[in-house]
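*Asks:* Shown below is the structure under consideration.
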Amino acid sequence: MSTGWNESEHEWWRKAVFYHIYPRSFHDSNGDGIGDLQGIIDRLDYLNDGTERSLGVDAIWLTPTYPSPMKDFGYDVSDYCNVHPDFGDLETLDRLIAACHERGIRLLLDYVPNHCSDRHPWFQDALRSRDATHRDWFYWRDPKPDGYLPNNWISVFGGPAWTFHDATGQYYLHSFLPEQPDLNWRNPKVVAAMHDVLRFWLARGVDGFRIDVMGMVLKHPDLRDNPPNPDYEIGMPEYTRLRADNSLNYPDVYSAVAGIRRVLDEYSEAVAVGEVFGPPSILAKYYGTLDSPGLQLNFNFQLIGPDSKPLPWDAERIGEIVRAFDELPAHAQPCYALNNHDRPRIVSRLNSDGFGGERARAACLLLLGLRSTPFIYYGEEIGMVEVSIPEDQLQDPARFHHRGRDPARTPMQWDANPGRGFTSGTPWLPFGPEGINVAAQSEDPGSMLSLYRRAIWTRKAEAALHSGDFRALPSDTGTFVFERRYPAASSVICALNTDLEEREVQLPDGGWSLLLSSHDGAAVQGGASLVLPPLAAAWVRQERQEGRGV
Ligand code: GLC
């Protein structure tokens, strides 16, 4: 499909490669075992120093760094306009913004509109009485006549989504922990206050936001019961027992999305990426229309797969996902990620036969080859794995995955020293295997880090890769092949082999040469066929030949 967009500075995010930092785990500058903002400043050259020795990312997103009791590690915000002392202070954040901008890196914060912390002054006030000023900033409901819960909703972290407050005799709604009361976005005062939060940070110079659970912000006006989920199976997370028809992607939510976009548009280059869940038809709605735009980017998590069943590494399945998304209107820029702070890391996720690392290498070329704004999760570029954490050291309150989300949140491994170059103290979570680290991989041309660096810089240099059209090409079972074309420049074909056998891919017209491959042994033969070793991916390039058919 043609991209049909206006290639301007204003839409810088279309070409950008994003890097997702979990600040607690990136770099600890003060020895308390917890990563901080100064630590990120200290490591910016690793991310992009303008040369191909660095990773070359264009933008970073930080998970929440606001004051918080840390019940859900920052997603329980007690002050939207400040910085948690574990991470630094506002002045450090200002310096981080400036240091990023000096290097041409854009900075996104995490915006958490659906809920705040129960320690937030708004909720503390709401607890005082039924008449409190901020009472209706939250969802309060009487018990049903039988004394039971106001509706059947289940918290994402398990258990009822309602907690009873004895002193005022009502339940309040929390889609996550009881310590994370949901904000009532049907109250215009909440909307105004939350819009001002965006303005506070945009005025300070941040370039935009990742928006937490965007699709939950407006629910059914009567908070109706959710219907049972006929696809639920034992072993799936408890909250999936119900279909979230009345609590997620409720149609009213798109008006809240449009309102957020209008605030972003007060600042010319600000961008937002929504954490949204659903099939392409739902994701499309979060982009809005050209007349009433929504968020510029919305995550498509389908390459990771649903909570209970990670996507099998299968070319046909991957092809279906990508093709389905490519059917969306041209302004709906796809946005893929292979990892994030909520899901098991790819190397471990695809490792049932011990080949997770091989698949992750190919996945790098898939991610960076797609027509998409790609997001890389810290440590993905060195192949960090799920770390087995003793029960008594687990910190995450959400246990809907086997050991919660901590195994994917362990500290970045900069080197093989006892503190892994992350801390001089005791890390807040245990480290992964010491062999997986930046120092060991930096000078090794065969390392995962070298592959990511080359892929990112190659993408930057190739208009076909960062701005080209997408066209799926027919290919044999076990392979997914697509072309990226940029008029009057070059074409790049990205070919993925998810089989354990070597595969040969026929290339249209000839004149192709190998640009980059995930595995040794990939080769172009006679400019017209590509040999892909088992589980490999490759990019091949062709100078644009005028007149080649569509
Ligand atoms: C999002 C975040 C997750 C958090 C939850 C509640 O899904 O990614 O980490 O626990 O929202 O804010």
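The values are calculated or read from the model by the stated rules, or taken from the named source; none is laboratory data. Given the structure is predicted, the values throughout are model-derived calculations rather than measurements. Positions of Cβ are backbone-derived with ideal geometry, glycine not excepted, and every protein chain shown enters the neighbour counts.
*Asks:* Quick check: anything in the range 355-364 in a loop (DSSP other than H, G, I, E, B) and not acidic (Asp, Glu)?
*Replies:* Yes, because at least one residue in the range 355-364 is in a loop (DSSP other than H, G, I, E, B) and not acidic (Asp, Glu).
*Asks:* While we're looking at this one, here's another question. Residue check: is residue 396 at pLDDT below 95, within 20 Å of the chain's Cα centre (by Cα) and closer than 30 Å to residue 159 by Cα?
*Replies:* So residue 396 passes the test.
*Asks:* Out of 210, 224, I need the residue that is farther than 29 Å from residue 61 by Cβ, in contact (Cβ under 8 Å) with a residue 40 or more places away in the chain, charged (D, E, K, R) and surrounded by 15 or more Cβ atoms within 10 Å (Cβ to Cβ). Which one?
*Replies:* Working: 210 fails: farther than 29 Å from residue 61 by Cβ.
One residue alone meets the criteria, 224.
*Asks:* What number of residues within the range 507-536 are in a strand (DSSP E or B) and surrounded by 20 or more Cβ atoms within 10 Å (Cβ to Cβ)?
*Replies:* 6
*Asks:* Look through 72, 28, 76, 58 and report the one residue that is of a type outside the set (A, V, I, L, M, F, W, C) and farther than 24 Å from residue 260 by Cβ.
*Replies:* Among 72, 28, 76, 58, only 28 is of a type outside the set (A, V, I, L, M, F, W, C) and farther than 24 Å from residue 260 by Cβ.
*Asks:* If you go through the range 185-241, how many residues are away from the ligand (no atom under 16 Å from the Cβ), of a type outside the set (Lys, Arg) and outside any loop (DSSP other than H, G, I, E, B)?
*Replies:* 14
*Asks:* I would also like to ask the following. Only one of (1) assigned to a loop (DSSP other than H, G, I, E, B); (2) modelled with pLDDT of 95 or more fails for residue 7. Which number is that?
*Replies:* Residue 7 satisfies all of (1) assigned to a loop (DSSP other than H, G, I, E, B); (2) modelled with pLDDT of 95 or more except (2).
*Asks:* Out of the residues in the range 164-189 that are of a type in the set (Ser, Thr, Tyr) and buried (at least 18 other Cβ atoms within 10 Å of the Cβ), state the one that is nearest to residue 245 (Cα to Cα). Reasoning before the result, please.
*Replies:* Step one: of the range 164-189, the residues of a type in the set (Ser, Thr, Tyr) are 168, 171-172, 175.
Narrowing further to those that are buried (at least 18 other Cβ atoms within 10 Å of the Cβ): 171-172, 175.
Values: 171: 21, 172: 20, 175: 14 Å.
Checking each candidate, the answer is 175.
*Asks:* Now for a different question. Looking at the range 377-384, is at least one residue away from the ligand (no atom under 16 Å from the Cβ), at pLDDT 95 or above, outside any helix (DSSP H, G or I) and within 16 Å of the chain's Cα centre (by Cα)?
*Replies:* Looking for residues that are away from the ligand (no atom under 16 Å from the Cβ), at pLDDT 95 or above, outside any helix (DSSP H, G or I) and within 16 Å of the chain's Cα centre (by Cα), one finds at least one in the range 377-384, hence yes.
*Asks:* Is at least one residue of the range 226-240 of a type in the set (Asp, Glu), at pLDDT 95 or above and at negative phi?
*Replies:* No, that holds for no residue.
*Asks:* Ok, one more. Does any residue in the range 156-169 that is closer than 10 Å to residue 140 by Cα and free of Cβ contacts under 8 Å to residues at least 12 places away in the same chain come within less than 7 Å, Cβ to Cβ, of a residue that is more than 16 Å from the ligand (Cβ to nearest atom) and not acidic (Asp, Glu) six or more places away or on a different chain, and which pairs are these?
*Replies:* none
*Asks:* I'm told residue 435 meets every condition in (1) in a loop (DSSP other than H, G, I, E, B); (2) touching a helix residue (DSSP H, G or I) at 6+ places or on another chain (Cβ under 7 Å); (3) of a type in the set (Gly, Ala, Ser) except one. Can you identify the failing condition by its number?
*Replies:* The one condition residue 435 does not meet is (2).
*Asks:* Which ones in the range 142-173 are part of a loop (DSSP other than H, G, I, E, B), of a type in the set (A, V, I, L, M) and within 16 Å of the ligand (Cβ to nearest atom)? Walk me through how you get there before you give the answer.
*Replies:* Step one: filter the range 142-173 for residues part of a loop (DSSP other than H, G, I, E, B), giving 142-153, 155-159, 161, 166-169.
If we keep only those that are of a type in the set (A, V, I, L, M) too, we end up with 149, 156, 161, 167.
Hits for the range 142-173 are 156, 161.
*Asks:* Moving on to the next point. What about residue 312, is it more than 24 Å from residue 469 (Cα to Cα), away from the ligand (no atom under 16 Å from the Cβ) and surrounded by fewer than 17 Cβ atoms within 10 Å (Cβ to Cβ)?
*Replies:* Values: more than 24 Å from residue 469 (Cα to Cα): yes; away from the ligand (no atom under 16 Å from the Cβ): yes; surrounded by fewer than 17 Cβ atoms within 10 Å (Cβ to Cβ): yes.
Judged against the criteria, residue 312 is a match.
*Asks:* Just one of (1) in contact with a strand residue (DSSP E or B) (Cβ under 7 Å, 6 or more places away or on another chain); (2) closer than 29 Å to residue 159 by Cβ; (3) within 16 Å of the ligand (Cβ to nearest atom) trips up residue 278, so point out which.
*Replies:* That leaves (1) as the condition not met.
*Asks:* Could you grab me the full set of residues in the range 436-462 that are surrounded by 18 or more Cβ atoms within 10 Å (Cβ to Cβ) and without any contact (Cβ under 8 Å) to a residue 60 or more places away in the chain?
*Replies:* Once the filter is applied, which keeps residues that are surrounded by 18 or more Cβ atoms within 10 Å (Cβ to Cβ) and without any contact (Cβ under 8 Å) to a residue 60 or more places away in the chain, the range 436-462 yields 436, 437, 441.
Conditions tested, residue by residue: (1) in contact with a strand residue (DSSP E or B) (Cβ under 6 Å, 6 or more places away or on another chain); (2) under 30 Å from residue 189 (Cβ atoms); (3) of a type outside the set (Gly, Ala, Ser).
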{"site": "25", "(1), (2), (3)": "no, no, no"}
{"site": "30", "(1), (2), (3)": "no, no, yes"}
{"site": "64", "(1), (2), (3)": "yes, yes, yes"}
{"site": "106", "(1), (2), (3)": "yes, no, yes"}
{"site": "112", "(1), (2), (3)": "no, yes, yes"}
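*Asks:* Quick one: residue 176 ticks every box in (1) away from the ligand (no atom under 16 Å from the Cβ); (2) in a loop (DSSP other than H, G, I, E, B); (3) not charged (D, E, K, R) except a single one, so which number is it?
*Replies:* (1)
*Asks:* How many residues, within the range 265-287, are under 21 Å from residue 192 (Cβ atoms) and either surrounded by fewer than 21 Cβ atoms within 10 Å (Cβ to Cβ) or touching a Ser or Thr at 6+ places or on another chain (Cβ under 6 Å) (or both)?
*Replies:* Total meeting the criteria: 3.
*Asks:* Out of all the residues in the range 469-484, which are surrounded by 22 or more Cβ atoms within 10 Å (Cβ to Cβ) and either more than 21 Å from residue 325 (Cα to Cα) or of a type in the set (Lys, Arg) (or both)?
*Replies:* Within the range 469-484, 484 is the sole residue that qualifies.
Every residue, every condition in (1) within 17 Å of the chain's Cα centre (by Cα); (2) touching a residue at least 40 places away in the same chain (Cβ under 8 Å); (3) within 16 Å of the ligand (Cβ to nearest atom), yes or no:
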| residue | (1), (2), (3) |
| --- | --- |
| 320 | no, no, no |
| 328 | no, yes, no |
| 334 | yes, no, no |
| 358 | no, yes, no |
| 374 | yes, yes, no |
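*Asks:* Return the residues of the range 464-506 that are assigned to a loop (DSSP other than H, G, I, E, B) and within 22 Å of residue 373 (Cα to Cα); say none if nothing qualifies.
*Replies:* Those that are assigned to a loop (DSSP other than H, G, I, E, B) and within 22 Å of residue 373 (Cα to Cα): 468, 486, 487, 489.
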